[in-house]
Amino acid sequence: MEFIKVKTYAELSKRAADIILGQIRRKPDSVLGLATGSTPIGTYEELIRAYDDGRADFSKVRTVNLDEYCGLSEKDEQSYRCFMNTYLFDHINIDKANTNVPNGMAADPEEECRRYDAVISSAGGIDLQLLGIGVNGHIGFNEPSDKFTEGTHIVTLDERTRNSNSRFFKSLDEVPRKAVTVGIGTIMSSGKILLLANGESKKAIVEKAIYGEITPRVPASILQKHGDLTVIFSEE
Ligand code: F6R
């Protein structure tokens, strides 16, 4: 594991984008596992800057996002599909047909989970998985539980997660109670994992996840077992 501690969020974003750009240069048709949330926004801004400056070509890149809220359509501003279009896809030369986010509106959510796993395996798995971490140690929407999950599945969101994500909604009531998320098994099968965390509120959980006991009560702790994990933490 490589632990990179930086002072500012800007530095975190630059370091993370450099790692992603290196991956795309080495393998132009890389499969990137992407995350939403506040943490990767600066990284996405750096990727857009690299594209604008002619330093990056996303034309062959394929992406699979970690998760989506159940019950939100891609037109909903709070949906993760909308987030990805707004913060990244609309600004680079990626083919939207090569971008994947679980469908939160699927009539049969279990079928949607199987479809999403098939999308990931037919892409040949994930080359580089970008992750944020929840204050409860969740990765994707894999919440603390009694066992580590394998493939894509439906989760009931932890109240701490709903509370924390309510900052993006008009009220806590509007935050969906269920979500589709790729499983821990899928995340662990990625070639490389890049975990980003910034700020005091994440310090304790990052320490627990990276140096503490490996337990499904702290889902991110399983990352200790990955052979190619980079953690970037900024104090800001
Ligand atoms: C988002 C996701 C979540 C977030 C985590 C941290 O796709 O999978 O695990 O990475 O909740 O969110 P922020 O970055 O908003 O603190």
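The values are calculated or read from the model by the stated rules, or taken from the named source; none is laboratory data. From a predicted model like this one, the values you see are computed outputs, not experimental measurements. Cβ sites come from the backbone with ideal geometry, for glycine too, and all protein chains shown count toward neighbours.
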- Query: What is the residue count in the range 89-99 for residues that are within 24 Å of L196 (Cα to Cα), in contact with a helix residue (DSSP H, G or I) (Cβ under 8 Å, 6 or more places away or on another chain) and assigned to a helix (DSSP H, G or I)?
  - Reply: 2
- Message: I'm told E150 meets every condition in (1) under 24 Å from S189 (Cα atoms); (2) within 16 Å of the ligand (Cβ to nearest atom); (3) at pLDDT 95 or above; (4) of a type outside the set (G, A, S) except one. Can you identify the failing condition by its number?
- Response: (2)
- Item | Count of the range 184-205 residues which are within 18 Å of the chain's Cα centre (by Cα) and either of a type in the set (K, R) or crowded, with 21+ Cβ neighbours inside 10 Å (or both) | 12
- Note on the structure: Filtering the range 128-143 down to residues that are closer than 20 Å to E207 by Cβ and either in contact with a Pro (Cβ under 6 Å, 6 or more places away or on another chain) or among the small types (G, A, S) (or both) yields G132, G134, N136, G137, H138, I139, N142
- Enumerate the strands (runs of 3 or more DSSP E) found wholly within the range 1-88, keeping only those where 3 or more residues are under 30 Å from E111 (Cβ atoms). 31-34, 62-65, 67-69
- Taking the range 18-56 on its own, how many of its residues are without any contact (Cβ under 8 Å) to a residue 40 or more places away in the chain, more than 16 Å from the ligand (Cβ to nearest atom) and on the phi < 0 side of the Ramachandran plot? 14
